[in-house]
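Presented below is the structure to which this report refers.
The values are calculated or read from the model by the stated rules, or taken from the named source; none is laboratory data. Owing to the predicted nature of the structure, the values given are computational and were not obtained by experimental measurement. Here the Cβ positions follow ideal geometry from the backbone for every residue, glycine too, while neighbour counts run over all protein chains shown.
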Amino acid sequence: MKLQNMSALVTGGASGLGLACARRLVEKGVSVVVVDLNREAGAAVAAELGVTYVHADVCNTEQINAALDAAQALGPLRALVHCAGIGGPVRLVEKDGQPGSLEKYENIIRVNLVGSFNCLRLAAARMAKNEVVDSERGACIMTASVAAYEGQIGQIPYSASKAGVVGMTVVAARDLATKFIRVCTIAPGLFDTPLLARLPEPIRASLGASVPHPARLGAPDEFAQLAMHILENSMLNGETIRLDGAIRMAPR
């Protein structure tokens, strides 16, 4: 895909991995709409990068359609980069002996898995109406995690949600093949995102040292570099790519 004369929707685009992807897309001349729940951060990103910010819940069809409308007003929607997601600890049996919270489990599944499906279906329906250029109409990038494969203790809802995204990927690619739309997923390992930025430096250093090579936390821009390659390489389809420095997560 040639990244020109087009628009892109980036969810979770006000920070971390999504922000890095929005920045890369802007550098390539793509008109970008950023979706995020953080109004203050979204407004700051819009001012910094010259993108359009839309406040939206990824599970809210009306709000995501409004974001897609904003993107299509800027040019043909040919890219979705879906980075929005949440985490949170839940054990099957908590330390106080009580069963793990079903409410927390359902909320993480809703945002990470249902939200992924919602954004993918709504964006793909728009892309399917695009003119075919160089044998394709668009491409969608989803975000999973190495936790989909080696979830740690307390990550059961997060791991289940991300494993669901991995499971959707090849099915979505096959489903959308006749529409000339590609779907790939990136499964990042330990990345230097706002979530890890809140941790004390010794813990951050220890996490980075646990990565075989390079022995450090991943940079959000490294995620964005892979996202751009997926968009530009038309043979990448139906694949989940681990981006993790060869880490395999320990139980805790």
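What about Leu176, is it free of Cβ contacts under 8 Å to residues at least 60 places away in the same chain, surrounded by 14 or more Cβ atoms within 10 Å (Cβ to Cβ) and under 18 Å from Gly16 (Cα atoms)?
no
Is it true that some residue in the range 78-97 is among the basic types (Lys, Arg), at negative phi, at pLDDT below 95 and not in a helix (DSSP H, G or I)?
Looking for residues that are among the basic types (Lys, Arg), at negative phi, at pLDDT below 95 and not in a helix (DSSP H, G or I), one finds at least one in the range 78-97, hence yes.
All but one of (1) buried (at least 19 other Cβ atoms within 10 Å of the Cβ); (2) of a type in the set (Lys, Arg); (3) modelled with pLDDT under 95 hold for Lys2, so report the exception by its number.
Condition (1) is where Lys2 drops out.
Across the range 118-155, what is the number of residues that are among the hydrophobic types (A, V, I, L, M, F, W, C) and surrounded by fewer than 19 Cβ atoms within 10 Å (Cβ to Cβ)?
Summing the residues that are among the hydrophobic types (A, V, I, L, M, F, W, C) and surrounded by fewer than 19 Cβ atoms within 10 Å (Cβ to Cβ) in the range 118-155 gives 6.
Residues that are surrounded by 20 or more Cβ atoms within 10 Å (Cβ to Cβ), of a type outside the set (Phe, Trp, Tyr) and either in contact with a strand residue (DSSP E or B) (Cβ under 9 Å, 6 or more places away or on another chain) or closer than 19 Å to Gly16 by Cα (or both): does the range 201-217 have at least one?
Yes - at least one qualifying residue is present in the range 201-217.
Return the residues of the range 36-50 that are small (Gly, Ala, Ser) and either touching a residue at least 24 places away in the same chain (Cβ under 8 Å) or loosely packed, with under 12 Cβ neighbours inside 10 Å (or both); say none if nothing qualifies.
Passing the criteria: Ala41, Gly42, Ala44, Ala47, Gly50.
Do any helices (runs of 4 or more DSSP H) lying entirely in the range 111-228 carry at least 3 residues that are modelled with pLDDT of 95 or more, and which ones are they?
115-127, 156-176
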